[in-house]
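J.: This structure is in structure tokens; I'll ask about it shortly.
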Amino acid sequence: MSPLSDLQRSIEDALRELERVPRAPWDAAFAAMVVEPIGDALRLELPVPTALLEWIEGWTARELDEVATLIRAGLDRARVPPSFEDDLDLAALADVVRRRDLAESARLALQRASLGRTRRIPLTALPELRGLAEQLHVLDELLAKTAAPELLDAVLEDRRPLSLGRPWPSHLHAPAPSTQAELRDTSTLDLGALGPAPAELGPPDEVVANYVARGSHRSWVEGFAALESTGELARRLLETIDAFLDPAIDEPVSLVARAWASRVRAPRVAGSSSGRRASATTTASCRLAVLAPQRRAASPSSGLEPRAPRELDLGRLSPADAHAQLTVGEDHLELRVASETGLTTLRLGDHEATAQPHGIWAITVGVTEAPMLLVAEDAAGDRFEATLVFEVAPEPDAP
Amino acid sequence: MLPQATHTFALGLEWRPAEVDLGAWQDHLLRHPLGLEALFARSTGSRRRWNDEGWDTITPPVITLEERRHILGRIGGLLAAGSRCAIPRLDREDYAGDPPVEHRPCKRCPVALATVCGGVVSEISERYSAVTEELLASVGGREGYAVSRDRLRARLFGLARERKALEALTVLSVGSRPTRSQAQNAEARPDLVRVQRSDGVRVELYLSGRSMKWRTTYRHAPGPHPLSALLDLAPATRSAKGALSETCLVPRPWAERWLEESNP
């Protein structure tokens, strides 16, 4: 078994057991323990049992902050050794790094709980949760002064797969973020600082297929592809994406996979010491070949009637909590985006979406081949951006 | 000498009496029960207290504040073979500043001074070694019950609201010490035994073959829940999977009460 399989199994086992544990009466210490494996699952995009998710989404602002207070207190007791004289100092560093990583998961789960499917508690109403994010940043600064990213990465040990796509250890040596969005988004960082990823952390075939078709597990797949020294996964991904786009096969390809391929195929960034390419927040250009349905003959009395619109599943717009579908009509394109926690922005070119019932956001534009920037940002501030170029071709008549 | 007598364990592990280097032992005593580890570390800005590890709050306490004041006052006045104690801030009980340049002076203490110092802390030393042996004894010999790491971890989550169960548990796990790189991690062999209980007290031993040698005893500062002290097992060994690193030992009475009932 690989470390990733071990970790995945242990998270799933923990959640299965916790699902059976009585959740009442309220016990903040128990809640503080539960948010760690839930956050682990969210980071690896593993399913969280509905009962647990509904439970944390039902916590009041006071309860959320009570849990955040306990997490902060645990983090506050973490001690960073002043230097690494022997392996005991290294063990002390491993302990603080592990605590920091668990707190990252807890923070993510609390953030998710504050943005439930039926409510949105602003961060301003959660001073302790906001304080937790700030405290993590202070601890990061302390760690950055103490240890090299390779060392921090090594002492993460069995929790290392959680940081593959969002490697907070490399974040520590990046310039200080100036905004909350930058603080959250580690994707612009130089992943090469972490060194190559061991092969056993690589995503299995079904995960790669899910990423290509539905945009799932983006952080894992793209994170590993960026770190793998052989470039094997990157090659495999490009081949799979090309094969799926082949009209003879015509399988869905997610926007995130298209955007990734576009970035990878872009010219190298001049002066890049690692030789790696600019990463996720670079606005990638995605070409979408759409077949506009043609009017077809109907009864002689009604003349021509339109064919049914063609649906394209664009997959998850990761890292945003959003799933996109495109409907290609005869003379229009309709983008529909579903989000459980809600979107603050959905924009396509000059068009801005407004929320529709049932958590759906929609934009309709005329058929055009001009590039249009798609921006989707969720309530947590996670953002997907890509330039879409539609290549419209008439749908061939059925034989 | 630690331990006082040979302890044997399931899985063929053995802990025989061995001399512990005086400087190393004093270093651990002063850093953990006397609280210098907390004062000498860095933290997120909050004031660090001598008893952050909480050796004064376990039952029975290994040290009290009054004892600490008395001991450190005496250590500060020691003079042996022309040497005095080099530990900075001996009189501090809390601290929020930068760590000292020399944060492990006991390791380099002259033998004459360390010997006199050993006499000053002898009572704390006895309690500290007694906690160490007591922890090992609770999973030693016929008391130890072998359970797979995965099954134990899952069961612990299932017992998350059974405080009695968690408080009665001691876990021995085998793994490898942290290394400085992923490449070294991949090569690591089982070389660490960790024994821990829910109040955060931990003993770690070096493992060579099946023989163990004391490495440290400390108290893991408590997390939000007793589980956090129990789930942090010795890091599993990636290169040499097998019975050793995949099996934990727990007290037999605990297993019979809390583990067996979960059997299908």
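J.: If you check B:W15 against the conditions, is it modelled with pLDDT of 95 or more and of a type in the set (A, V, I, L, M, F, W, C)? Even if it seems obvious, please write down each step before you answer.
T.: Values: modelled with pLDDT of 95 or more: yes; of a type in the set (A, V, I, L, M, F, W, C): yes.
Taking the combined requirement at face value, the residue satisfies it.
J.: Only one residue in B:A154, B:A130 is out of contact with any strand residue (DSSP E or B) (no Cβ under 9 Å at 6 or more places or on another chain) and either buried (at least 21 other Cβ atoms within 10 Å of the Cβ) or over 30 Å from B:G77 (Cα atoms) (or both), so which one is that? Quick ask: steps written out before the conclusion?
T.: On the way: B:A130 fails: either buried (at least 21 other Cβ atoms within 10 Å of the Cβ) or over 30 Å from B:G77 (Cα atoms) (or both).
It is B:A154.
J.: Among residues belonging to region A:15-47 that are among the small types (G, A, S) and within 12 Å of chain B (Cβ to nearest Cβ), point out the one that is farthest from A:G58 (Cα to Cα). Steps first, please.
T.: The initial filter retains those residues of region A:15-47 that are among the small types (G, A, S), namely A:24, A:28-29, A:31-32, A:39, A:41.
This time we only want the ones that are within 12 Å of chain B (Cβ to nearest Cβ), so: A:24, A:28-29, A:31-32.
On the way: A:A24: 12, A:A28: 14, A:A29: 17, A:A31: 12, A:A32: 15 Å.
Filtering first and then ranking leaves A:A29.
J.: Now a separate question. Name the pairs: first residue in region B:106-123 and touching a residue at least 60 places away in the same chain (Cβ under 8 Å), second residue assigned to a helix (DSSP H, G or I) and among the β-branched types (V, I, T), Cβ to Cβ under 9 Å, at least 6 apart or on different chains?
T.: Once the first residue is touching a residue at least 60 places away in the same chain (Cβ under 8 Å) and sits in region B:106-123, its partners that are assigned to a helix (DSSP H, G or I) and among the β-branched types (V, I, T) give B:C117/B:I75; B:V121/B:I71; B:V121/B:I75.
J.: Is it the case that some residue within region B:54-68 is part of a helix (DSSP H, G or I) and within 11 Å of chain A (Cβ to nearest Cβ)?
T.: To start, the set of residues in region B:54-68 that are part of a helix (DSSP H, G or I) comprises B:65-68.
Remaining after also requiring within 11 Å of chain A (Cβ to nearest Cβ): none.
No: region B:54-68 contains no residue that is part of a helix (DSSP H, G or I) and within 11 Å of chain A (Cβ to nearest Cβ).
J.: Restricting the search to region A:61-83, which residues are in contact with a helix residue (DSSP H, G or I) (Cβ under 8 Å, 6 or more places away or on another chain), in a helix (DSSP H, G or I) and among the basic types (K, R)?
T.: If we filter region A:61-83 for residues that are in contact with a helix residue (DSSP H, G or I) (Cβ under 8 Å, 6 or more places away or on another chain), which is where we start, we get A:61, A:63-72, A:74-76, A:78-83.
The next check asks that each one be in a helix (DSSP H, G or I); those that pass are A:61, A:63-72, A:74-76.
Answer for region A:61-83, where residues must be in contact with a helix residue (DSSP H, G or I) (Cβ under 8 Å, 6 or more places away or on another chain), in a helix (DSSP H, G or I) and among the basic types (K, R): just A:R72.
J.: Another one. Among residues belonging to region A:246-263 that are at pLDDT 85 or above and of a type in the set (A, V, I, L, M, F, W, C), point out the one that is nearest to the chain's Cα centre (by Cα).
T.: Restricting to residues being at pLDDT 85 or above and of a type in the set (A, V, I, L, M, F, W, C), the top hit is A:V256.
J.: Mind checking which residues of region A:314-334 are within 18 Å of A:V367 (Cα to Cα) and surrounded by 24 or more Cβ atoms within 10 Å (Cβ to Cβ)? Quick ask: steps written out before the conclusion?
T.: Step one: list which residues in region A:314-334 are within 18 Å of A:V367 (Cα to Cα), which gives A:314, A:324-334.
Correct list: A:L314, A:A324, A:L333.
J.: Look at region A:5-14 and say how many of its residues are buried (at least 22 other Cβ atoms within 10 Å of the Cβ) and either of a type outside the set (V, I, T) or at the interface with chain B (Cβ under 8 Å from one of its Cβ atoms) (or both).
T.: Of region A:5-14, the ones buried (at least 22 other Cβ atoms within 10 Å of the Cβ) are A:11, A:14.
Pick out the ones that are also either of a type outside the set (V, I, T) or at the interface with chain B (Cβ under 8 Å from one of its Cβ atoms) (or both) and you get A:14.
The total comes to 1.
J.: Moving on to the next point. Could you list, in sequence order, all residues of region A:133-151 that are more than 10 Å from chain B (Cβ to nearest Cβ), over 21 Å from the mean Cα position of the chain (by Cα) and among the aliphatic types (A, V, I, L, M)?
T.: A:A144
J.: On the given criteria, is B:R142 part of a loop (DSSP other than H, G, I, E, B), more than 13 Å from chain A (Cβ to nearest Cβ) and closer than 18 Å to B:E14 by Cα?
T.: Working: part of a loop (DSSP other than H, G, I, E, B): no; more than 13 Å from chain A (Cβ to nearest Cβ): yes; closer than 18 Å to B:E14 by Cα: yes.
So B:R142 fails the test.
J.: How many residues does region B:1-11 contain that are surrounded by 11 or more Cβ atoms within 10 Å (Cβ to Cβ) and either of a type in the set (G, A, S) or over 16 Å from B:L135 (Cβ atoms) (or both)?
T.: Filtering region B:1-11 down to residues surrounded by 11 or more Cβ atoms within 10 Å (Cβ to Cβ) leaves B:2-3, B:7-11.
Remaining after also requiring either of a type in the set (G, A, S) or over 16 Å from B:L135 (Cβ atoms) (or both): B:10-11.
Looking only at that region, the number is 2.
J.: Something else: In this structure, is A:R62 surrounded by fewer than 18 Cβ atoms within 10 Å (Cβ to Cβ) and over 27 Å from the mean Cα position of the chain (by Cα)? Walk me through how you get there before you give the answer.
T.: On the way: surrounded by fewer than 18 Cβ atoms within 10 Å (Cβ to Cβ): yes; over 27 Å from the mean Cα position of the chain (by Cα): yes.
Yes: the conditions hold for A:R62.
J.: Please list, ordered by first then second residue, the pairs with beta carbon atoms under 7 Å, 6 or more apart or interchain, first in region A:47-67 and under 12 Å from A:R112 (Cβ atoms) and in contact (Cβ under 8 Å) with a residue 12 or more places away in the chain, second small (G, A, S) and surrounded by fewer than 20 Cβ atoms within 10 Å (Cβ to Cβ).
T.: Every condition considered, the pairs that remain are A:E57/A:G116.
J.: Now, a different point. What is the number of the single condition among (1) more than 14 Å from chain A (Cβ to nearest Cβ); (2) surrounded by 18 or more Cβ atoms within 10 Å (Cβ to Cβ) that B:R31 does not meet?
T.: Of the numbered conditions (1) more than 14 Å from chain A (Cβ to nearest Cβ); (2) surrounded by 18 or more Cβ atoms within 10 Å (Cβ to Cβ), the odd one out for B:R31 is (1).
J.: Restricting attention to region A:33-60, which residues are part of a helix (DSSP H, G or I) and among the charged types (D, E, K, R)? Working first, answer last.
T.: First pass over region A:33-60, keeping only residues part of a helix (DSSP H, G or I): A:33-44, A:50-57.
A:E36, A:D40, A:R43, A:E54, A:E57 - these are the residues of region A:33-60 that are part of a helix (DSSP H, G or I) and among the charged types (D, E, K, R).
J.: Within region B:135-148, does at least one residue satisfy the condition of being in contact with a Phe, Trp or Tyr (Cβ under 6 Å, 6 or more places away or on another chain) and either surrounded by 22 or more Cβ atoms within 10 Å (Cβ to Cβ) or closer than 25 Å to B:L34 by Cα (or both)? Walk me through how you get there before you give the answer.
T.: Taking region B:135-148 first, the residues in contact with a Phe, Trp or Tyr (Cβ under 6 Å, 6 or more places away or on another chain) are B:140, B:144.
From the residues that got through so far, the ones that are either surrounded by 22 or more Cβ atoms within 10 Å (Cβ to Cβ) or closer than 25 Å to B:L34 by Cα (or both) too are B:140, B:144.
Within region B:135-148, one or more residues are in contact with a Phe, Trp or Tyr (Cβ under 6 Å, 6 or more places away or on another chain) and either surrounded by 22 or more Cβ atoms within 10 Å (Cβ to Cβ) or closer than 25 Å to B:L34 by Cα (or both).
J.: Evaluate the following for B:T44: is it out of contact with any Gly (no Cβ under 8 Å at 6 or more places or on another chain), assigned to a loop (DSSP other than H, G, I, E, B), under 19 Å from A:A73 (Cα atoms) and within 12 Å of another protein chain (Cβ to nearest Cβ)? Break it down stepwise before answering.
T.: Values: out of contact with any Gly (no Cβ under 8 Å at 6 or more places or on another chain): yes; assigned to a loop (DSSP other than H, G, I, E, B): yes; under 19 Å from A:A73 (Cα atoms): yes; within 12 Å of another protein chain (Cβ to nearest Cβ): yes.
In short, yes.
J.: What about A:T282, is it at pLDDT 55 or above and among the hydroxyl-bearing types (S, T, Y)? Steps first, please.
T.: Details: at pLDDT 55 or above: no; among the hydroxyl-bearing types (S, T, Y): yes.
Taking the combined requirement at face value, the residue does not satisfy it.
J.: Could you list, in sequence order, the residues of region A:31-59 that are surrounded by 20 or more Cβ atoms within 10 Å (Cβ to Cβ) and of a type in the set (F, W, Y)?
T.: Within region A:31-59, just A:W59 meets the criteria.
J.: Just one of the numbered conditions (1) more than 30 Å from B:T247 (Cβ to Cβ); (2) touching a residue at least 60 places away in the same chain (Cβ under 8 Å); (3) out of contact with any helix residue (DSSP H, G or I) (no Cβ under 9 Å at 6 or more places or on another chain) is not true of B:E14; which one?
T.: Every listed condition holds for B:E14 apart from (1).
J.: Have a look at A:L75, A:L70 and point out the one that is closer than 26 Å to B:R47 by Cβ, out of contact with any Leu (no Cβ under 6 Å at 6 or more places or on another chain), free of Cβ contacts under 8 Å to residues at least 60 places away in the same chain and within 12 Å of another protein chain (Cβ to nearest Cβ). Can you show your working first?
T.: Numbers: A:L75 fails: free of Cβ contacts under 8 Å to residues at least 60 places away in the same chain.
One residue alone meets the criteria, A:L70.
J.: How many of the residues making up region B:207-241 are more than 13 Å from chain A (Cβ to nearest Cβ) and either part of a loop (DSSP other than H, G, I, E, B) or modelled with pLDDT under 90 (or both)?
T.: 3
J.: To continue, here is another question. Being part of a loop (DSSP other than H, G, I, E, B) and within 14 Å of another protein chain (Cβ to nearest Cβ) is the filter here; which residues of region A:85-127 pass it? Quick ask: steps written out before the conclusion?
T.: First pass over region A:85-127, keeping only residues part of a loop (DSSP other than H, G, I, E, B): A:85-86, A:115-122, A:126.
Those that are part of a loop (DSSP other than H, G, I, E, B) and within 14 Å of another protein chain (Cβ to nearest Cβ): A:E85, A:D86.
J.: For region B:89-113, give me each residue that is assigned to a loop (DSSP other than H, G, I, E, B), of a type outside the set (G, A, S) and either within 12 Å of chain A (Cβ to nearest Cβ) or in contact with a Cys (Cβ under 8 Å, 6 or more places away or on another chain) (or both). Spell out the reasoning first.
T.: In the first step, residues of region B:89-113 are kept if they are assigned to a loop (DSSP other than H, G, I, E, B); the result is B:89-93, B:96-104, B:109-110.
After this cut, where a residue has to be of a type outside the set (G, A, S) as well, the list is B:89-93, B:98-104, B:109-110.
Selection gives B:D98, B:P99, B:P100, B:V101, B:E102, B:H103, B:R104, B:C109.
The values are calculated or read from the model by the stated rules, or taken from the named source; none is laboratory data. Note that the structure is predicted; figures quoted are calculated from it, not measured. So basically every Cβ, Gly included, is an ideal-geometry build from the backbone, and we count neighbours across all protein chains shown.
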